[in-house]
Structure formats: structure tokens, C-alpha cells
Amino acid sequence: MRTQVAIIGGGPAGMLLSEMLHRAGVHSVVLEQRSRAYVLSRIRAGVLEQGTVDVLRANGLGERMDREGHAHDGMKIVWGSSDSFFIDVYKHLGKRFVAYGQTNIQEDLFAAADQREATVLTEAEDVQPMDVTSERPYVTFKYRDEAIRLDCDFIAGCDGFHGVSRKTIPQGVLREFEKVYPFGWLGVLSETPPLPDIVYANHPRGFALASMRNERLSRYYLQVPLDTKIEDWSDDRFWSELQVRFPRELADAVITGASIEKSIAPLRSFVAEPMSHGRLFLAGDAAHIVPPTGAKGLNLAVSDVFYLSRAMAAFYERGSTSLLDGYSAMALRRVWSSVRTSWYLTNLLHRFPAASEFDQRAQEYELTYLKSSHHAQAALAEQYAGLPFEEAV
Ligand code: RFL
Ligand code: PHB
């Protein structure tokens with residue numbers, strides 16, 4: 001088999017890259033190790049930055065998002081019994097967010113791929129990028145018991161944190177930066193009307209978050225210890241713990257109901273540098289992970305793909321390699337900005353098991369400062385909104 005770009009991983013990064021390359025007249029093949037049903041069953045992100053929304057719209061993926069997504073202006077932070085402030089991203093930056101599930105984006109991407117009869121091979125096994133530093137890289141894999149070699153000009157590693165692509169970059173070239181947090185998030189999806197705003201709560205019993213997918217679908221999270229077992233968390237236990245962690249009037253406004261999904265995710269910050277090696281280019285979670293506190297992971301996958309598809313399009317249109325050469329440095333500027341913001345919000349909003357009384361007081365006074373300072377709120381709004389995409393130079 002031969003293609004121009006072999007894309008490993010059919011998550012949001014891989015499928016969006018395939019769509020954007022197609023629109024630039026570049027052919028790709030997507031190799032995904034899981035089934036489509038499995039990929040669609042993963043409940044993950046929900047909050048899209050304006051830049052992400054713009055990219056999706058510009059690539060024909062906005063129709064259902066604009067119909068079913070829920071636009072909002074910012075997020076609320078609450079702590080203590082009643083302290084709170086609203087980070088008004090719209091007021092400070094004129095940008096809005098859209099709550100629209102990653103599952104829906106993934107469905108929209110598969111639908112668009114089907115329409116253009118894209119080659120998306122699911123349940124591809126033993127996928128392996130080969131000869132990435134040569135002019136003629138290729139990918140080997142097994143598909144329906146047949147061993148296949150896919151020759152290509154470039155390989156895009158969009159295979160998430162546990163994928164194979166990053167691992168082919170040799171030690172000594174790759175630098176990894178990592179921080180693991182001593183807790184996880186227990187998430188519940190329920191068919192109940194959400195609270196009107198996204199609310200992040202810092203409470204002595206731990207962090208809690210209220211979010212949404214649409215007017216009839218809510219998403220809530222609780223900070224839990226890493227050894228938490230899902231079986232120990234009945235719906236009743238989840239709702240009563242959530243209500244304890246929110247101030248009274250918000251707790252009373254939470255409409256509870258049966259969960260339709262419940263899962264636990266560990267929290268981690270991770271960045272791999274550089275994001276390219278020879279003709280292999282990493283995008284999305286394959287290159288970096290953020291704790292979900294800033295709602296940045298999917299948005300970073302989209303900005304990586306925006307830069308990478310533009311760089312590949314420039315190569316095929318004009319034979320220019322300068323954007324490909326600069327891809328890693330450009331993508332990493334935005335990555336580190338969001339990595340830092342997610343780390344900051346994680347520290348601000350969670351209860352760390354080993355925190356000293358000093359740490360606790362410092363955290364409380366950081367919240368007090370944020371509440372009192374217009375400038376601090378403007379700075380946080382700018383970071384939460386995500387940096388604008390850089391122009392091609
Ligand atoms: P994905 O989604 O992990 O997709 C990678 C794909 O690659 C496949 N794969 C392979 N295929 C072939 N061969 C191999 N060897 C392969 N190894 C892996 C996998 O099966 C998979 O299909 O990475 P991608 O595309 O980079 O997308 C990243 C996002 O999924 C991720 O950043 C977000 O979900 C993070 N995230 C959030 N991001 C946001 O922007 N806003 C949010 O509100 C938000 N909330 C969240 C989140 C992530 C969470 N969890 C569970 C980690 C909330 C949670 C709870
Ligand atoms: C979500 O809706 O799933 C969500 C919202 C905000 C976050 C993380 C996840 O910070």
C-alpha cells in the first residue's frame with residue numbers, strides 16, 4: 001500500500017488530521033488499533049476553546065456542534081462555604097467556549113470520513129513506524145490476519161499517550177517532562193439538566209466539577225484517591241459527595257439521576273520534546289498529557305493538527321519544508337502554555353494529601369487574590385481561553 005501521510009491513531013487528532021489533509025488535497029491512511037465502537041465509547045473531553053471551534057467549523061465539522069453544543073462565556077470557581085468568582089473569558093477576550101462532547105466530535109469525524117470514502121483501517125494490529133529518519137519511511141501492521149506494509153512520505157503519530165510512535169524516537173533525542181498527581185477524577189455522565197455554568201470547587205474533602213454536554217446531559221467529577229474502586233461508588237454516594245463539596249445554593253440546584261457512564265482517570269502532566277523526528281511527527285496526547293483541570297487536552301490536539309496539516313500542505317503545494325522543520329517548536333509553545341495553566345489550576349483547586357498548613361494557607365490566599373483582582377482574573381481568562389494560533393512564517 002502507498003499513501004502520502006500514514007496516520008497512526010484514529011482518535012480526534014488522527015481523524016481531524018486526515019480530514020484537514022484531505023481538504024488540502026493530501027492523501028492519508030488512518031490506522032487505528034481499536035474498533036470504531038470502542039473509540040466512540042470513550043467519554044472524555046467536553047469543553048472546546050474558540051480556536052478549536054473555529055478549526056472545526058472551517059473544516060465542515062461545525063453543523064451539529066453549532067446545533068447541539070452549549071456556548072458559554074467562562075467558568076466559575078467556588079470555595080469555602082460561599083466564596084466564588086466568575087472567570088469571564090468573553091468579557092476579557094471576546095471569546096466563548098462551546099460544551100460539546102469529544103464523543104460527538106469523533107462521530108462527526110467518522111461521518112465526514114465515510115462521506116469522502118477515506119481509508120480508515122480499524123482493528124489494525126502491531127502497527128510499527130519504520131525508517132522514520134529516511135526519505136522513505138513506512139509503517140508495518142497486521143490487518144485481518146494479513147501483514148501489510150504502508151509506504152508513505154510522512155508518518156503522523158496520533159496514537160495517544162500509550163501509543164507506539166513516541167517510543168520510536170531514540171533515547172538521547174527524546175526528552176520527557178513529567179509530573180504525576182496523587183489523586184484521580186471520578187467522572188459521571190447523567191441524563192439530567194446541568195447547572196448553567198461550569199463550576200470548579202475547592203473543598204476540604206477534595207475538588208469537584210460541574211460541567212455539561214447539552215441541556216439534557218450533565219458531566220460531573222470528584223477528586224478521589226488513586227486506589228479508588230468504581231464499585232464502591234454507587235450513584236447515591238456520588239451525588240451526596242458532590243453536594244457536600246459544593247456551596248449550599250449550588251448543591252441544591254444539582255439535579256441528580258441515574259448515571260449512564262462512570263469512570264476514573266489519573267491526573268498527569270507530560271511533555272515529550274521534540275515533537276518530530278525525521279519524517280515522524282507527533283500530535284495530541286502522543287506528545288503531551290495535561291491534567292483535565294484546564295480542559296486543554298483535546299484543544300491541544302486540535303492546535304497541533306492545525307499546525308501539522310498546514311505544514312504538510314505547504315510541503316505538497318510549494319515543496320517548502322520550513323513549516324515542517326518549525327512544527328515542533330511552534331506546537332510546543334502552545335503546549336507549554338496549556339501545560340502550565342493546567343498544572344496551575346490543578347494546584348489551585350485540589351486538596352493534596354501531603355499539603356502542609358503553609359501550602360493550604362497559600363492556596364486559600366491565591367483564591368482570595370484571584371477573587372479581588374481584575375488583573376489576575378484577566379490573566380487567568382487569557383490562559384484558560386488558550387493562546388491564539390500562530391501565523392505561518
Ligand atoms: P486519543 O484520544 O487517546 O486517541 C489516540 C488513538 O490512537 C489509538 N492507538 C493506536 N492505534 C494504532 N496503533 C497503536 N499502537 C495505537 N495506540 C493507540 C487509540 O486507540 C486511540 O483511538 O488521543 P488524541 O487523538 O491525541 O486526542 C486527545 C484527547 O483524547 C484528550 O487530550 C482529551 O480527551 C483530554 N481531556 C479533555 N480535553 C479537553 O480539551 N477538554 C476537556 O474537557 C477534557 N476532559 C479529558 C477530559 C481526558 C479525560 N481522560 C479520561 C483522560 C476528561 C477526562 C476524564
Ligand atoms: C468536561 O466537561 O468533561 C470537563 C470540563 C472541564 C474540565 C474538564 C472536563 O476542566
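Some points to look at:
- Mean ellipticity per residue at 222 nm, deg cm²/dmol - from DSSP H runs of n ≥ 4 across the chain, formula -39500 (n - 2.57): -11500 deg cm²/dmol
- Candidate lysines for bridging to residue 296, where Cα separation is under 30 Å - those fewer than 8 sequence places away on the same chain excluded: 76, 91, 95, 167, 179, 229, 262, 371
- Computed FRET value (nearest 0.05) for residue 162 with residue 340, which takes r as the C-beta separation and R₀ as 22 Å: 0.40
- Diagonalising the gyration tensor over the Cα atoms of region 1-147 and scaling each eigenvalue by 5 before taking the square root yields semi-axes of 36, 17, 15 Å, largest first.
- Most positive-pole-ward Cα, 104, 141, 122, against dipole of region 78-237 from beta carbon charges: 104
- When you filter the chymotrypsin sites (Phe, Trp or Tyr not before Pro) in region 80-115 for DSSP loop state and at most 10 other Cβ atoms inside 10 Å of their Cβ, nothing is left.
- Cα centre as origin, Lys/Arg/Asp/Glu Cβ charges: region 204-265 dipole, Debye: 180 debye
- Per-selection Kirkwood Rh - region 260-375 (Cα, Å, 1 d.p.): 16.5 Å
- Radius, Kirkwood style, for region 220-305 when every pair of distinct Cα atoms is counted (Å): 15.8 Å
- Sequence-distant residues sharing a close amide H with residue 226 (under 5 Å, placed H): 184
- The GluC sites (Glu not before Pro) of region 347-393 that DSSP puts in a loop, and whose beta carbon has at most 11 other beta carbons within 10 Å, are 391.
- Those trypsin sites (Lys or Arg not before Pro) in region 172-231 that DSSP places in a loop and that have at most 15 other beta carbons within 10 Å: 205, 216, 229
- Heavy-atom accessible surface of the chain: percent carbon and sulfur, 1.4 Å: 50 percent
- Fraction of beta bridges assigned by DSSP in the chain that are antiparallel (%, nearest 5): 70 percent
- Against the empirical curve 2.2 N^0.38 Å, the C-alpha radius of gyration of the chain lands at a ratio of 1.00.
- Among 78, 155, 234 - extreme Cα towards positive end, dipole of the chain, charges at beta-carbon: 78
- Other residues with beta-carbon under 11 Å from the beta-carbon of residue 374 carry, at +1 per Lys or Arg and -1 per Asp or Glu, a net charge of +1.
- Relative contact order of the chain, pairs being alpha-carbon contacts under 8 Å that are 6 or more residues apart, as %: 20 percent
- Extension gain, residue 237 back to residue 63 (0.36 nm per residue minus Cα-Cα distance, nm): 58.8 nm
- The string of couplings for region 293-303 from the Karplus curve (6.51, -1.76, 1.60, θ = phi - 60°) is 4, x, 6, 10, x, 5, 5, 5, 4, 5, 5 Hz, one whole number per residue in order, with x for Gly and Pro.
- log₁₀ of I(q)/I(0) at q = 0.13, 0.20 Å⁻¹ - region 114-229, Debye sum with one point per alpha carbon: -0.85, -1.04
- Each Lys and Arg adds +1 at its Cβ and each Asp and Glu adds -1 at its Cβ; summed about the Cα centre, region 60-160 shows a dipole of about 560 debye.
- Charged-residue dipole, Cβ positions (Lys, Arg, Asp, Glu), the chain about Cα centre, Debye nearest 20: 340 debye
- Each part reduced to its alpha carbon centroid, region 96-133 and region 146-200 end up 14 Å apart.
The values are calculated or read from the model by the stated rules, or taken from the named source; none is laboratory data. Predicted model, so just to flag it, every value in this text is computed and none were measured. Positions of Cβ are backbone-derived with ideal geometry, glycine not excepted, and every protein chain shown enters the neighbour counts. The accessibility values were calculated without ligands, DNA or RNA, using every heavy atom of the protein model including side chains. Shrake-Rupley method; radii C 1.70, N 1.55, O 1.52, S 1.80 Å.
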